[in-house]
Amino acid sequence: MEFKPQNIEKKWQKAWNDDKKSSFNIKNVKDKKYCLTMFSYPSGDKLHIGHWYNYGPADTFCRYLKMNGYNVFQPQGFDAFGLPAENYAIKHGVHPRESTEKNINTMKDQLKAIGAMYNWENEVITCQESYYKWTQWLFLELYKNNLAYQKEATVNWDPIDQTVLANEQVLSDGTSDRSGALVEQKLLKQWFLKITDYADELLDFSSLNWPKKTVRMQQNWIGRSRGAIIEFSINDFNDKISVFTTRPDTLFGATYMVLAPEHPLVESITSSEKSESVFDYIKDSKNKNELQRMDLDREKTGVFTGAYVINPVNDKKMPIWVADYVLMGYGTGAIMAVPGHDQRDYEFAKKFDLEILQVVNNESNETLDNQAITGDGVCVNSDFINDLSTQDAKNVMIDWLEKNKYGKKSINFRLRDWLISRQRYWGTPIPIVYDPDGKAHPIPEEHLPWTLPDDVEYKPKGTSPLGSSKELIDRTEKIFGKGWKPEIDTMDTFMCSSWYYLRYPDSDNKDNPFTLESNKWLPVDHYIGGAEHATMHLLYARFITKALRDLGHLSFDEPFIHLFHQGTITKDSSKMSKSKGNTVSPDQFVDKYGSDTFRCYLMFMGPYEEGGDWNDKGITGIHRFLNRSWKLCINEKDYNLTKDDEYILNNTIKSVTENLSDMKFNTAISRLMEFVNYFLKKGLNKKEMNIFIQLLSPFAPHLGEELWNRNNNSSVFSSDWPAYNSEKLDKSSMNIAIQINGKLRGTIEVDLDTEKDKILSLCKDNTNVKLHLDKKEIIKEIYVPKKLVNFVIK
Ligand code: ANZ
């Protein structure tokens, strides 16, 4: 009998689906393991190898947990609102609702081919009213508690997708994360969530088991800086200007001040003869985005305002300049420039011939000839902090500032509030209406879901498509009164995915987004997905969890306890993407070799966190391994195991168990291959055969289930994961290979503690060896401890 995957896959997929429906007990939280792969979005592309690489191994891990007695919850759903789905619909000239539904069905068929044990009963689709009603509820909860607000701000504008973007969606080269367009800056009134209220707490990762790199990326993104706010009086004015500095120890070296072009005081302090040049400069700077302005290599530009501030430590007059290397969105939007010790200030001072003073001496006695001295050192030319180390000087200076009321200690974050409004159609409508005076009001919960209208010209045209819906405008007036207007922006899809994990355990609940009961499933125990979400989804979800906790809806602090990033599968070393035309569809391989072979091949490619370059050359090798496994398990033998047999068996159980717990799928498969190689000729007794099938099943579930069912009446995944006997792992004997001139002539088994001389004489006594050594002169005896003996003869 041949192993024909195509004959068995559908059968087991159906059986597992029925089993999940009947045997999964949502009430049993005692042994719960909530395992989640990152939300997938139906963009119109079919699932590619990268998706499989996320879902297949994740399911292998889940099956292993199930066999260890856990009640495993493994839901699936679709992040169905948003630009990928909408852009696909526009391109194909269909309504996004229609294309999204179709794409979800295709993806579901593909997902089923993986043979994963999903809780489809708990499916969540974010574009359905039953879901987005609660996304709107979430927004309103945040709004009512001052965590959602509207403000006019300079924001990122994507000219291709015709919408604003969050800072997190702009890549380090200034382009849009999705469309690749160079992002522009626009002053617009937008909706923000106050993630900055949680900046400090978001830096606490102590309860999380997360990849170090992701933690570091979030830390950098949040960017906590310790320093001081210092107030400078403006000469001849009543106003003061505050600056944020991380180097209060350099205050004696401050020789000028810089305001961001958008700083509110620029206009009032600029002298009349400077106003034209300042005005022109401000106009020019509007064309530059933040990244261009922060570019260290860019030639510095700026203008003098004609005004001065007074340095509080020495009463020196410092000219106030306006320059775009100072950003309005960071700190206070103004800096004290210390050209001796800040490189940007140095270049600026050189260009405009401003005073450069040295107030820090470092160990290597650097000079200010070509550049600023930026490191720590010892204060000089600094009066009461002279000779103090940088760290001590910072403390002494902050004390002095606080005592004399010129400033105070301060902590500043790089993190900005999260911009969630989008000028696009396919998203959750923001549940806000405006009265005839333009004042915003939350839509009362009884009117939720505040539905997304259908009578809309949804192609992007720079203003929000919802504005063209007559139905929405009529609805608003009918409910709220004449002259009332709806909010016409929709929410960023990251808002939908910021809370979906809370919905899964209670996905059918019509009265609540989730309940205290369903919350018992949370937090998610294992979350598996791509590292590209480090500073977007993963940060937003942590924020939303903490906010909902503070509003009394949740009793835990973090959404995802253990996080694992699978690596990326590349094609010819570049990331697979439809635009590059280098995506590889899994379907052809699944059809040809079967789902198990494909899954195992992906897992065997390399360490799970590293991914690899796709190449189908090795897939037949894996297919052969599964065929050999099949052969090994269709006929049972009956014999007594040798010590070596026992060792191999127990060592395989041990290794596979440990590797699976650590998601080291590739090494686990290697151990299983070694096992098959070892036992294929000998065959297996029924007991050991069952153990091997159990070990193999999480990796090749269809094959495993089929083999198990030949000997047993229940599912292999309901069986208990095999335990190993550690006594059998202590090898009391060892096998020594005997070579003559490098050729294998025999093996002997000896006790582990046998001495070298004894081993050599035992080898010489071996019958076959004796024959070959007969009358020959041994010129060398080589012993490789615990492995082999080689006799070199003439
Ligand atoms: C004086 C000084 C002297 C500074 C010195 C640095 C070195 P991080 O570490 O990123 O927090 N800064 C403050 N606000 C700014 C803004 N809105 N735009 C551009 N630059 C700004 O950086 C803090 C430092 O960046 C601050 O400390 C300030 O320059 C500058 F030897 O103040 B420093």
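The values are calculated or read from the model by the stated rules, or taken from the named source; none is laboratory data. Predicted, not measured: the structure shown is a model, and the values here were computed from it. Reconstructed Cβ throughout: ideal geometry from the backbone, glycine too, with neighbour counts over all protein chains shown. The area values use the complete protein model at the heavy-atom level, side chains included, leaving out ligands, DNA and RNA. Shrake-Rupley method; radii C 1.70, N 1.55, O 1.52, S 1.80 Å.
General observations
- The per residue volume of the convex hull around the alpha-carbon atoms of the stretch 652-794 is 142 Å³.
- Residue-level accessible surface for Glu366, protein heavy atoms, 1.4 Å, Å²: 70 Å²
- Listed residue (Pro429, Asn17, Ser389) projecting farthest to the positive dipole end of the chain, Cβ model: Asn17
- Computed with a 1.4 Å probe over protein heavy atoms only, the accessible area of Lys21 comes to about 110 Å².
- Column: log10 I(q)/I(0), Debye, Cα scatterers of the stretch 159-308, q = 0.12, 0.13 Å⁻¹: -0.78, -0.91
- Helix-only mean residue ellipticity at 222 nm for the chain, each DSSP H run of n ≥ 4 adding -39500 (n - 2.57), per residue, nearest 500: -11000 deg cm²/dmol
- 0 to 90° range, to nearest 10: angle between helix 619-634 axis and the chain longest Cα axis: 50 degrees
- Here the stretch 594-656 and the stretch 167-192 have alpha carbon centers that stand 47 Å from each other.
- Nearest 10 degrees, 0 to 90: helix 275-285 Cα axis against the chain principal axis: 20 degrees
- Here's the picture: charge each Lys and Arg Cβ at +1 and each Asp and Glu Cβ at -1 in the chain, and of Ile648, Ala349, Asn741 the one pushed furthest to the positive end of that dipole is Asn741.
- DSSP bridge analysis restricted to the chain gives an antiparallel fraction near 70%, rounded to the nearest 5.
- Once backbone amide H atoms are built at 1.01 Å from N, Asp324 has Thr301 as its partners under 5 Å, excluding neighbours fewer than 5 places away on the same chain.
- Rg and Dmax of the stretch 429-489, Cα atoms only, in Å: 11.2, 32
- In order through the stretch 333-348: 3J(HN,Hα) via Karplus (6.51 cos²θ - 1.76 cosθ + 1.60), integer Hz, x for Gly, Pro: x, 9, 10, 8, 8, 10, x, x, 9, 9, 5, 5, 5, 4, 5, 5
- Surface listing: Thr175, Thr583, Thr126 arranged by accessible area from highest to lowest gives Thr583, Thr175, Thr126, probe 1.4 Å.
- Taking the DSSP beta bridges with both ends in the stretch 525-626, the antiparallel portion is around 25 percent.
- Charges were assigned to the Cβ only: +1 to each Lys and Arg, -1 to each Asp and Glu. The resulting dipole of the chain about its Cα centre is roughly 3100 debye.
- Given charges at beta-carbon only (K, R positive; D, E negative), |dipole| of the stretch 706-794 in Debye: 640 debye
- Per residue, the stretch 226-343 exposes an accessible area of 43 Å² to a 1.4 Å probe, with every protein chain left in place.
- Convex hull of Cα atoms in the chain, direction-averaged projection (nm²): 46.3 nm²
- Value of Rg to Rh for the stretch 220-264 (Rh from inverse mean 1/r over Cα pairs, i.e. Kirkwood): 1.01
- Contour excess over end-to-end distance, with Cα ends at Glu273 and Asn365 and 0.36 nm allotted per residue: 28.9 nm
- Separation between Cα centres of the stretch 1-29 and the stretch 275-298, rounded to whole Å: 62 Å
- Remark: the stretch 528-612 carries 36 Å² of accessible area per residue (probe radius 1.4 Å; ligands, DNA and RNA excluded).
- Local electrostatic count, Phe39, Cβ distance below 12 Å [Lys/Arg +1, Asp/Glu -1]: -1
- Taking the 1.4 Å solvent-accessible surface of the chain as the whole, the part contributed by carbon and sulfur is 47%.
- Centroid-to-centroid separation of the stretch 320-348 and the stretch 301-319 [C-alpha atoms, Å]: 12 Å
- Long-range HN-HN contacts of Gly746 with modeled amide H, under 5 Å: Ile738
- In degrees, nearest ten, helix 643-661 long axis to first principal axis of the chain (Cα): 20 degrees
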